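Shown next, in C-alpha coordinates, is the structure this report addresses.
The values are calculated or read from the model by the stated rules, or taken from the named source; none is laboratory data. Note that the structure is predicted; figures quoted are calculated from it, not measured. Positions of Cβ are generated from backbone atoms using ideal geometry, with glycine treated the same way; all protein chains shown enter the neighbour counts.
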Amino acid sequence: GGAPSDAVDGADLRIDGQRLWRRLMALAQIGATPAGGNRRLALTELDGQGRDLVTQWARELGCSIRVDAIGNIFMRRAGRLDLPAVMTGSHIDTQPTGGKFDGNFGVLSGIEVLSTLHQAGVVTDRPLEVAIWTNEEGSRFVPVMMGSGVYCGAFTLASALAAVDLDGISVATALDAIGYAGSDHIETPACYFEAHIEQGPVLEAHDKVIGVVEAALGQRWYTVTVKGMEAHAGPTPMAMRRDALLCSARLIAEVNAIALANAPNGRGTVGWIENYPNSRNVIPGQVRFSVDLRAADETTLGGMDAALRAACARAAADAHLAIDVEQVVYFPAQAFDATLIASVRQASDSLGLSWMPAVSGAGHDAVYVARVAPTAMIFVPCKDGISHNEIESAEPEHLEAGCNVLLRAMLAAARA
Ligand code: GLV
Ligand code: MN
Ligand code: MN
Ligand code: MN
(Lines give C-alpha, C1' and ligand atoms only; values in the text may rest on other atoms or scores of the structure.)
(Ligands and ions follow the chains in the order given, each with its own letter.)
Protein backbone atom coordinates (compact mmCIF):
# COMPACT_ATOMS: atom_id res chain seq x y z
CA GLY A 1 0.00 0.00 0.00
CA GLY A 2 0.98 3.62 -0.43
CA ALA A 3 1.72 6.08 2.33
CA PRO A 4 -1.39 7.14 4.20
CA SER A 5 -2.58 10.62 3.32
CA ASP A 6 -1.94 13.50 5.70
CA ALA A 7 -5.66 13.77 6.35
CA VAL A 8 -5.53 10.27 7.78
CA ASP A 9 -2.28 10.25 9.78
CA GLY A 10 -2.47 13.85 10.96
CA ALA A 11 1.14 14.71 10.09
CA ASP A 12 0.26 18.22 8.90
CA LEU A 13 -2.33 19.01 11.53
CA ARG A 14 -2.13 22.06 13.78
CA ILE A 15 -4.09 22.67 16.92
CA ASP A 16 -6.47 25.64 17.17
CA GLY A 17 -4.71 28.16 19.42
CA GLN A 18 -7.80 30.33 19.79
CA ARG A 19 -9.94 27.43 20.91
CA LEU A 20 -7.26 26.47 23.44
CA TRP A 21 -7.16 30.05 24.74
CA ARG A 22 -10.98 30.30 24.89
CA ARG A 23 -11.14 27.14 26.99
CA LEU A 24 -8.36 28.35 29.30
CA MET A 25 -10.29 31.57 29.88
CA ALA A 26 -13.58 29.69 30.37
CA LEU A 27 -12.07 27.36 32.97
CA ALA A 28 -10.44 30.36 34.68
CA GLN A 29 -13.92 31.85 35.17
CA ILE A 30 -14.55 29.13 37.75
CA GLY A 31 -12.91 30.54 40.86
CA ALA A 32 -11.74 33.73 39.13
CA THR A 33 -10.17 36.23 41.54
CA PRO A 34 -10.48 40.03 41.28
CA ALA A 35 -6.72 40.29 40.65
CA GLY A 36 -7.07 38.15 37.50
CA GLY A 37 -5.99 34.86 39.03
CA ASN A 38 -7.65 31.62 39.94
CA ARG A 39 -8.64 30.13 43.28
CA ARG A 40 -9.97 26.62 42.79
CA LEU A 41 -8.71 24.55 45.70
CA ALA A 42 -8.64 20.78 45.37
CA LEU A 43 -11.98 19.00 45.81
CA THR A 44 -13.98 22.13 46.56
CA GLU A 45 -17.30 22.80 44.85
CA LEU A 46 -15.38 25.00 42.37
CA ASP A 47 -13.01 22.13 41.58
CA GLY A 48 -16.12 20.02 40.98
CA GLN A 49 -17.45 22.64 38.55
CA GLY A 50 -14.11 22.75 36.74
CA ARG A 51 -14.10 18.95 36.45
CA ASP A 52 -17.68 19.02 35.12
CA LEU A 53 -16.75 21.59 32.47
CA VAL A 54 -13.66 19.78 31.20
CA THR A 55 -15.34 16.36 31.14
CA GLN A 56 -18.27 17.90 29.27
CA TRP A 57 -15.84 19.04 26.56
CA ALA A 58 -14.37 15.54 26.43
CA ARG A 59 -17.83 13.95 26.15
CA GLU A 60 -18.62 16.21 23.18
CA LEU A 61 -15.56 14.65 21.49
CA GLY A 62 -16.91 11.16 22.06
CA CYS A 63 -14.51 10.34 24.87
CA SER A 64 -15.26 7.81 27.57
CA ILE A 65 -14.75 9.12 31.10
CA ARG A 66 -13.37 7.07 33.97
CA VAL A 67 -12.66 8.10 37.56
CA ASP A 68 -10.47 6.18 39.98
CA ALA A 69 -10.73 5.93 43.76
CA ILE A 70 -8.65 9.05 44.46
CA GLY A 71 -10.72 11.06 41.97
CA ASN A 72 -8.26 11.16 39.10
CA ILE A 73 -10.24 11.59 35.85
CA PHE A 74 -9.26 9.82 32.63
CA MET A 75 -10.84 10.99 29.35
CA ARG A 76 -10.17 8.48 26.60
CA ARG A 77 -10.42 8.73 22.83
CA ALA A 78 -10.49 5.23 21.36
CA GLY A 79 -7.81 4.09 18.94
CA ARG A 80 -7.93 1.53 16.15
CA LEU A 81 -6.20 -1.00 18.36
CA ASP A 82 -6.83 -2.15 21.90
CA LEU A 83 -3.37 -1.22 23.20
CA PRO A 84 -2.17 0.76 26.23
CA ALA A 85 -2.94 4.45 25.71
CA VAL A 86 -0.73 7.43 25.03
CA MET A 87 -1.57 9.63 28.01
CA THR A 88 -1.21 13.30 28.73
CA GLY A 89 -2.58 15.51 31.47
CA SER A 90 -1.95 17.70 34.49
CA HIS A 91 -4.12 19.25 37.21
CA ILE A 92 -6.88 21.85 37.47
CA ASP A 93 -6.69 22.54 41.20
CA THR A 94 -4.91 25.81 41.97
CA GLN A 95 -3.03 27.56 44.73
CA PRO A 96 -5.14 29.86 46.96
CA THR A 97 -3.73 32.79 45.00
CA GLY A 98 -2.99 30.85 41.82
CA GLY A 99 -2.92 31.73 38.15
CA LYS A 100 -4.88 30.65 35.10
CA PHE A 101 -2.21 28.45 33.52
CA ASP A 102 -0.45 26.28 36.13
CA GLY A 103 -1.86 22.80 35.46
CA ASN A 104 -4.83 24.02 33.42
CA PHE A 105 -2.61 24.45 30.37
CA GLY A 106 -1.57 20.79 30.43
CA VAL A 107 -5.10 19.46 30.80
CA LEU A 108 -6.61 21.74 28.17
CA SER A 109 -3.73 21.08 25.77
CA GLY A 110 -4.69 17.43 25.98
CA ILE A 111 -8.33 18.28 25.27
CA GLU A 112 -7.20 20.50 22.38
CA VAL A 113 -5.16 17.65 20.87
CA LEU A 114 -8.25 15.42 21.01
CA SER A 115 -10.43 18.20 19.54
CA THR A 116 -8.00 18.65 16.64
CA LEU A 117 -7.96 14.93 15.84
CA HIS A 118 -11.74 14.70 16.22
CA GLN A 119 -12.31 17.58 13.83
CA ALA A 120 -9.92 16.12 11.24
CA GLY A 121 -11.34 12.63 11.59
CA VAL A 122 -7.97 11.12 12.47
CA VAL A 123 -8.06 7.74 14.17
CA THR A 124 -4.81 6.83 15.93
CA ASP A 125 -3.55 3.29 16.42
CA ARG A 126 -3.33 3.59 20.20
CA PRO A 127 -6.04 5.20 22.33
CA LEU A 128 -5.25 8.71 23.59
CA GLU A 129 -6.11 9.62 27.15
CA VAL A 130 -6.18 12.93 29.05
CA ALA A 131 -5.80 12.78 32.83
CA ILE A 132 -6.85 15.32 35.45
CA TRP A 133 -4.82 14.42 38.55
CA THR A 134 -6.37 15.14 41.94
CA ASN A 135 -4.79 17.70 44.29
CA GLU A 136 -1.47 18.43 42.63
CA GLU A 137 -1.00 21.66 44.55
CA GLY A 138 -1.17 20.25 48.05
CA SER A 139 -2.42 23.51 49.51
CA ARG A 140 -5.73 22.21 50.90
CA PHE A 141 -4.66 18.61 51.49
CA VAL A 142 -1.11 17.34 52.08
CA PRO A 143 0.81 15.76 50.36
CA VAL A 144 1.26 17.50 47.00
CA MET A 145 0.77 15.48 43.82
CA MET A 146 -1.68 13.31 45.69
CA GLY A 147 -3.62 11.76 42.80
CA SER A 148 -0.60 10.87 40.68
CA GLY A 149 1.21 9.70 43.83
CA VAL A 150 -1.53 7.18 44.60
CA TYR A 151 -1.77 6.12 40.94
CA CYS A 152 1.97 5.43 40.85
CA GLY A 153 2.16 3.76 44.25
CA ALA A 154 4.24 6.45 45.99
CA PHE A 155 1.85 6.20 48.96
CA THR A 156 -1.37 4.35 49.73
CA LEU A 157 -4.90 5.19 48.69
CA ALA A 158 -6.01 4.80 52.32
CA SER A 159 -3.51 7.38 53.59
CA ALA A 160 -4.52 9.86 50.89
CA LEU A 161 -8.27 9.42 51.50
CA ALA A 162 -7.68 10.00 55.22
CA ALA A 163 -5.85 13.33 54.76
CA VAL A 164 -7.84 16.22 56.24
CA ASP A 165 -7.95 19.96 55.56
CA LEU A 166 -7.87 22.66 58.27
CA ASP A 167 -11.61 22.18 58.88
CA GLY A 168 -11.16 18.46 59.47
CA ILE A 169 -12.80 17.48 56.16
CA SER A 170 -11.20 14.38 54.70
CA VAL A 171 -10.28 13.77 51.08
CA ALA A 172 -12.78 10.90 51.04
CA THR A 173 -15.61 13.16 52.22
CA ALA A 174 -14.66 15.95 49.82
CA LEU A 175 -14.51 13.54 46.86
CA ASP A 176 -17.98 12.25 47.70
CA ALA A 177 -19.36 15.75 48.07
CA ILE A 178 -18.37 16.76 44.52
CA GLY A 179 -19.30 13.41 42.99
CA TYR A 180 -15.81 12.31 42.01
CA ALA A 181 -15.24 9.28 44.23
CA GLY A 182 -14.78 6.68 41.49
CA SER A 183 -13.89 3.02 41.42
CA ASP A 184 -12.42 2.53 37.97
CA HIS A 185 -9.12 0.71 37.65
CA ILE A 186 -6.87 2.48 35.16
CA GLU A 187 -4.16 0.43 33.48
CA THR A 188 -0.63 1.79 33.07
CA PRO A 189 -0.28 3.87 29.87
CA ALA A 190 2.20 3.20 27.07
CA CYS A 191 3.73 6.59 27.83
CA TYR A 192 2.89 9.98 29.33
CA PHE A 193 3.48 13.59 28.26
CA GLU A 194 2.77 16.68 30.32
CA ALA A 195 2.74 20.22 28.95
CA HIS A 196 3.21 22.92 31.59
CA ILE A 197 4.27 26.53 31.94
CA GLU A 198 7.90 26.68 33.04
CA GLN A 199 7.17 28.52 36.32
CA GLY A 200 10.69 29.95 36.18
CA PRO A 201 12.61 32.57 34.17
CA VAL A 202 15.03 30.51 32.05
CA LEU A 203 13.17 30.14 28.73
CA GLU A 204 12.28 33.81 28.63
CA ALA A 205 15.87 34.80 29.44
CA HIS A 206 17.10 32.66 26.53
CA ASP A 207 14.29 33.77 24.21
CA LYS A 208 13.15 30.17 23.58
CA VAL A 209 9.58 29.00 23.03
CA ILE A 210 9.91 25.36 24.08
CA GLY A 211 11.71 23.78 27.02
CA VAL A 212 12.52 20.14 26.33
CA VAL A 213 12.49 18.84 29.88
CA GLU A 214 15.14 16.22 30.51
CA ALA A 215 14.82 15.67 34.24
CA ALA A 216 13.05 16.78 37.40
CA LEU A 217 15.35 17.98 40.14
CA GLY A 218 15.75 15.70 43.13
CA GLN A 219 15.12 17.37 46.47
CA ARG A 220 16.56 16.92 49.94
CA TRP A 221 15.14 19.11 52.69
CA TYR A 222 16.67 19.39 56.15
CA THR A 223 16.19 21.02 59.50
CA VAL A 224 19.55 22.10 60.89
CA THR A 225 19.83 22.83 64.62
CA VAL A 226 22.87 24.75 65.89
CA LYS A 227 23.37 24.65 69.65
CA GLY A 228 25.72 27.21 71.19
CA MET A 229 25.62 29.02 74.51
CA GLU A 230 23.54 32.11 75.26
CA ALA A 231 25.58 34.68 77.14
CA HIS A 232 25.75 38.40 77.82
CA ALA A 233 26.63 40.55 74.80
CA GLY A 234 28.83 42.90 76.85
CA PRO A 235 31.05 40.92 79.22
CA THR A 236 31.74 38.01 76.83
CA PRO A 237 34.85 38.69 74.62
CA MET A 238 34.56 37.82 70.93
CA ALA A 239 37.01 34.92 71.15
CA MET A 240 35.11 33.31 74.01
CA ARG A 241 31.65 33.04 72.45
CA ARG A 242 29.67 30.10 71.13
CA ASP A 243 27.36 32.13 68.87
CA ALA A 244 24.80 29.90 67.19
CA LEU A 245 23.55 32.62 64.83
CA LEU A 246 27.01 33.60 63.58
CA CYS A 247 27.74 29.94 62.92
CA SER A 248 24.38 29.64 61.09
CA ALA A 249 25.15 32.69 58.97
CA ARG A 250 28.37 31.02 57.80
CA LEU A 251 26.47 27.83 57.04
CA ILE A 252 23.84 29.71 55.04
CA ALA A 253 26.65 31.09 52.88
CA GLU A 254 28.00 27.51 52.58
CA VAL A 255 24.62 26.27 51.31
CA ASN A 256 24.77 28.91 48.61
CA ALA A 257 28.36 27.93 47.75
CA ILE A 258 27.46 24.24 47.58
CA ALA A 259 24.72 24.99 45.04
CA LEU A 260 27.01 27.26 43.00
CA ALA A 261 29.68 24.54 42.96
CA ASN A 262 27.11 22.26 41.34
CA ALA A 263 26.00 24.62 38.56
CA PRO A 264 23.98 24.84 36.41
CA ASN A 265 21.26 22.76 38.06
CA GLY A 266 22.31 22.72 41.70
CA ARG A 267 20.00 24.70 44.00
CA GLY A 268 20.48 25.57 47.65
CA THR A 269 18.04 27.61 49.70
CA VAL A 270 17.66 28.55 53.35
CA GLY A 271 14.12 29.89 53.52
CA TRP A 272 13.22 29.59 57.21
CA ILE A 273 15.18 30.46 60.34
CA GLU A 274 14.41 30.60 64.07
CA ASN A 275 16.79 32.36 66.46
CA TYR A 276 16.75 31.79 70.23
CA PRO A 277 16.32 33.76 72.43
CA ASN A 278 16.23 36.48 69.73
CA SER A 279 17.14 39.31 72.08
CA ARG A 280 19.35 42.26 71.12
CA ASN A 281 21.89 41.90 73.93
CA VAL A 282 22.06 38.12 74.20
CA ILE A 283 24.53 36.04 72.18
CA PRO A 284 22.23 33.58 70.36
CA GLY A 285 22.21 30.19 72.05
CA GLN A 286 20.25 28.10 69.54
CA VAL A 287 19.26 28.48 65.91
CA ARG A 288 17.18 26.23 63.68
CA PHE A 289 16.97 26.73 59.94
CA SER A 290 15.75 24.88 56.86
CA VAL A 291 17.95 23.78 53.97
CA ASP A 292 16.49 22.85 50.56
CA LEU A 293 19.02 21.21 48.22
CA ARG A 294 18.12 20.23 44.65
CA ALA A 295 20.00 18.70 41.71
CA ALA A 296 19.20 17.03 38.41
CA ASP A 297 20.81 13.68 39.20
CA GLU A 298 21.27 11.54 42.27
CA THR A 299 25.08 11.57 42.16
CA THR A 300 25.16 15.36 42.30
CA LEU A 301 22.46 15.51 44.96
CA GLY A 302 24.31 12.92 47.05
CA GLY A 303 27.49 14.99 46.73
CA MET A 304 25.65 18.10 47.87
CA ASP A 305 24.25 16.18 50.86
CA ALA A 306 27.78 15.09 51.81
CA ALA A 307 29.09 18.64 51.37
CA LEU A 308 26.36 20.04 53.65
CA ARG A 309 27.09 17.47 56.34
CA ALA A 310 30.86 18.11 56.09
CA ALA A 311 30.33 21.89 56.33
CA CYS A 312 28.21 21.40 59.44
CA ALA A 313 30.79 19.10 61.04
CA ARG A 314 33.58 21.60 60.30
CA ALA A 315 31.57 24.53 61.63
CA ALA A 316 30.72 22.62 64.79
CA ALA A 317 34.37 21.79 65.44
CA ASP A 318 35.61 25.32 64.65
CA ALA A 319 33.10 27.10 66.87
CA HIS A 320 32.72 24.49 69.64
CA LEU A 321 29.05 24.06 68.91
CA ALA A 322 26.78 21.07 68.44
CA ILE A 323 25.06 20.87 65.06
CA ASP A 324 22.30 18.41 64.24
CA VAL A 325 21.27 17.81 60.60
CA GLU A 326 17.91 16.12 60.13
CA GLN A 327 16.67 15.26 56.63
CA VAL A 328 12.89 15.81 56.48
CA VAL A 329 11.99 15.45 52.76
CA TYR A 330 13.53 13.37 50.01
CA PHE A 331 12.43 13.18 46.38
CA PRO A 332 14.96 11.39 44.16
CA ALA A 333 15.95 13.13 40.94
CA GLN A 334 13.89 11.78 38.06
CA ALA A 335 15.29 11.53 34.55
CA PHE A 336 12.68 11.51 31.79
CA ASP A 337 12.59 9.00 28.93
CA ALA A 338 15.32 9.51 26.32
CA THR A 339 13.15 8.39 23.38
CA LEU A 340 10.27 10.68 24.34
CA ILE A 341 12.66 13.57 25.00
CA ALA A 342 14.04 13.11 21.49
CA SER A 343 10.51 13.04 20.12
CA VAL A 344 9.65 16.37 21.82
CA ARG A 345 12.87 17.86 20.44
CA GLN A 346 12.08 16.59 16.95
CA ALA A 347 8.50 17.87 17.12
CA SER A 348 9.84 21.32 18.07
CA ASP A 349 12.35 21.26 15.20
CA SER A 350 9.76 20.12 12.68
CA LEU A 351 7.48 22.99 13.73
CA GLY A 352 10.36 25.46 13.39
CA LEU A 353 10.18 26.38 17.08
CA SER A 354 13.17 27.53 19.11
CA TRP A 355 13.86 25.18 22.02
CA MET A 356 16.41 24.44 24.69
CA PRO A 357 16.97 21.60 27.15
CA ALA A 358 15.33 22.27 30.50
CA VAL A 359 14.98 20.79 33.95
CA SER A 360 11.93 20.93 36.15
CA GLY A 361 12.56 22.48 39.54
CA ALA A 362 8.93 22.29 40.66
CA GLY A 363 6.74 19.32 41.45
CA HIS A 364 4.65 17.87 38.63
CA ASP A 365 2.42 14.83 38.28
CA ALA A 366 4.80 13.70 35.52
CA VAL A 367 7.49 13.14 38.13
CA TYR A 368 5.41 10.37 39.72
CA VAL A 369 4.10 8.98 36.42
CA ALA A 370 7.73 8.62 35.30
CA ARG A 371 8.06 5.89 37.94
CA VAL A 372 5.60 3.64 36.09
CA ALA A 373 5.73 4.68 32.40
CA PRO A 374 8.08 6.41 29.95
CA THR A 375 7.46 10.12 30.47
CA ALA A 376 8.48 13.52 29.11
CA MET A 377 7.46 17.14 29.71
CA ILE A 378 7.07 20.17 27.46
CA PHE A 379 7.61 23.62 28.97
CA VAL A 380 6.51 26.97 27.58
CA PRO A 381 7.56 30.36 28.99
CA CYS A 382 5.49 32.33 31.46
CA LYS A 383 5.83 36.07 31.89
CA ASP A 384 8.83 37.04 34.06
CA GLY A 385 8.95 33.42 35.21
CA ILE A 386 6.21 34.17 37.74
CA SER A 387 3.86 31.38 38.88
CA HIS A 388 1.90 30.51 42.04
CA ASN A 389 0.72 34.10 41.75
CA GLU A 390 -2.50 35.64 40.48
CA ILE A 391 -0.54 37.67 37.92
CA GLU A 392 0.81 34.49 36.27
CA SER A 393 0.64 35.10 32.54
CA ALA A 394 1.59 33.38 29.27
CA GLU A 395 1.53 34.34 25.60
CA PRO A 396 -1.24 32.68 23.54
CA GLU A 397 1.24 31.89 20.75
CA HIS A 398 3.59 30.15 23.21
CA LEU A 399 0.75 28.05 24.56
CA GLU A 400 -0.30 27.22 21.00
CA ALA A 401 3.27 26.22 20.16
CA GLY A 402 3.55 23.95 23.19
CA CYS A 403 0.24 22.31 22.33
CA ASN A 404 1.37 21.73 18.73
CA VAL A 405 4.50 20.02 20.07
CA LEU A 406 2.27 17.87 22.29
CA LEU A 407 0.09 16.95 19.29
CA ARG A 408 3.10 15.80 17.25
CA ALA A 409 4.74 13.92 20.09
CA MET A 410 1.48 12.14 20.96
CA LEU A 411 0.82 11.24 17.32
CA ALA A 412 4.31 9.78 17.01
CA ALA A 413 3.85 7.74 20.17
CA ALA A 414 0.38 6.58 19.13
CA ARG A 415 1.68 4.68 16.11
CA ALA A 416 1.62 0.97 16.84
C1 GLV B 1 3.10 22.57 43.62
O2 GLV B 1 2.61 23.03 42.59
C3 GLV B 1 4.52 22.28 43.70
O4 GLV B 1 5.14 22.21 42.62
O5 GLV B 1 5.06 22.18 44.80
MN1 MN C 1 1.35 22.68 38.16
MN1 MN D 1 1.41 24.67 41.16
MN1 MN E 1 3.52 21.86 40.98
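All but one of (1) assigned to a loop (DSSP other than H, G, I, E, B); (2) crowded, with 24+ Cβ neighbours inside 10 Å hold for residue 113; which doesn't?
(1)
Filter the stretch 41-69 for residues that are surrounded by 21 or more Cβ atoms within 10 Å (Cβ to Cβ) and in contact with a Lys or Arg (Cβ under 6 Å, 6 or more places away or on another chain); which is farthest from residue 184 (Cα to Cα)?
Checking each candidate, the answer is 41.
Which one of 106, 149 is out of contact with any Lys or Arg (no Cβ under 7 Å at 6 or more places or on another chain), more than 29 Å from residue 401 (Cβ to Cβ), within 16 Å of ligand 4 (Cβ to nearest atom) and part of a helix (DSSP H, G or I)?
149
So is residue 154 modelled with pLDDT of 95 or more, under 17 Å from residue 138 (Cβ atoms), in contact with a Lys or Arg (Cβ under 9 Å, 6 or more places away or on another chain) and buried (at least 20 other Cβ atoms within 10 Å of the Cβ) or not?
No; evaluated as a whole, the condition is false for this residue.
Suppose we keep only residues that are of a type in the set (Val, Ile, Thr) and in contact with a strand residue (DSSP E or B) (Cβ under 6 Å, 6 or more places away or on another chain) within the stretch 342-379. Which one would you say is farthest from ligand 1 (Cβ to nearest atom)?
In this case the residue turns out to be 344.
Within the stretch 248-304, which residues are within 24 Å of the chain's Cα centre (by Cα), in a strand (DSSP E or B) and of a type in the set (Ser, Thr, Tyr)?
Of everything in the stretch 248-304, those that are within 24 Å of the chain's Cα centre (by Cα), in a strand (DSSP E or B) and of a type in the set (Ser, Thr, Tyr) turn out to be 269, 290.
If you scan the stretch 346-382, which residues turn out to be more than 24 Å from residue 263 (Cβ to Cβ), within 16 Å of ligand 3 (Cβ to nearest atom) and of a type outside the set (Val, Ile, Thr)?
Answer for the stretch 346-382, where residues must be more than 24 Å from residue 263 (Cβ to Cβ), within 16 Å of ligand 3 (Cβ to nearest atom) and of a type outside the set (Val, Ile, Thr): 365, 366, 368.
List the pairs whose first member sits in the stretch 308-331 and is within 13 Å of residue 244 (Cβ to Cβ), whose second member is of a type outside the set (A, V, I, L, M, F, W, C) and part of a strand (DSSP E or B), and whose Cβ atoms are under 8 Å apart, counting only residues at least 6 apart or on separate chains?
Qualifying pairs under 8 Å: 321/227; 322/227; 323/225; 323/227; 324/225; 324/227.
Please verify whether residue 125 is away from ligand 2 (no atom under 13 Å from the Cβ), charged (D, E, K, R) and modelled with pLDDT of 95 or more, treating the condition exactly as stated.
Yes, satisfied.
State whether the residues of the stretch 347-367 include one that is closer than 27 Å to residue 151 by Cβ, more than 17 Å from the chain's Cα centre (by Cα) and at pLDDT 95 or above.
The answer is yes, given that some residue of the stretch 347-367 is closer than 27 Å to residue 151 by Cβ, more than 17 Å from the chain's Cα centre (by Cα) and at pLDDT 95 or above.
Yes or no, residue by residue, for (1) more than 16 Å from ligand 2 (Cβ to nearest atom); (2) surrounded by 16 or more Cβ atoms within 10 Å (Cβ to Cβ); (3) under 30 Å from residue 288 (Cα atoms); (4) outside the structural domain of residue 247 (by TED's automatic domain parsing):
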{"position": "340", "(1), (2), (3), (4)": "yes, yes, no, yes"}
{"position": "344", "(1), (2), (3), (4)": "yes, yes, no, yes"}
{"position": "350", "(1), (2), (3), (4)": "yes, no, no, yes"}
{"position": "355", "(1), (2), (3), (4)": "yes, yes, no, yes"}
{"position": "358", "(1), (2), (3), (4)": "no, yes, no, yes"}
{"position": "365", "(1), (2), (3), (4)": "no, yes, no, yes"}
{"position": "368", "(1), (2), (3), (4)": "no, yes, no, yes"}
{"position": "378", "(1), (2), (3), (4)": "no, yes, no, yes"}
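Residue 328 fails exactly one of the following numbered conditions: (1) of a type outside the set (Gly, Ala, Ser); (2) within 16 Å of ligand 4 (Cβ to nearest atom); (3) under 30 Å from residue 251 (Cβ atoms). What is the number of that condition?
The failed condition is (2).
Got at least one residue in the stretch 162-172 being within 16 Å of ligand 4 (Cβ to nearest atom), touching a Phe, Trp or Tyr at 6+ places or on another chain (Cβ under 7 Å) and closer than 24 Å to residue 371 by Cα?
no
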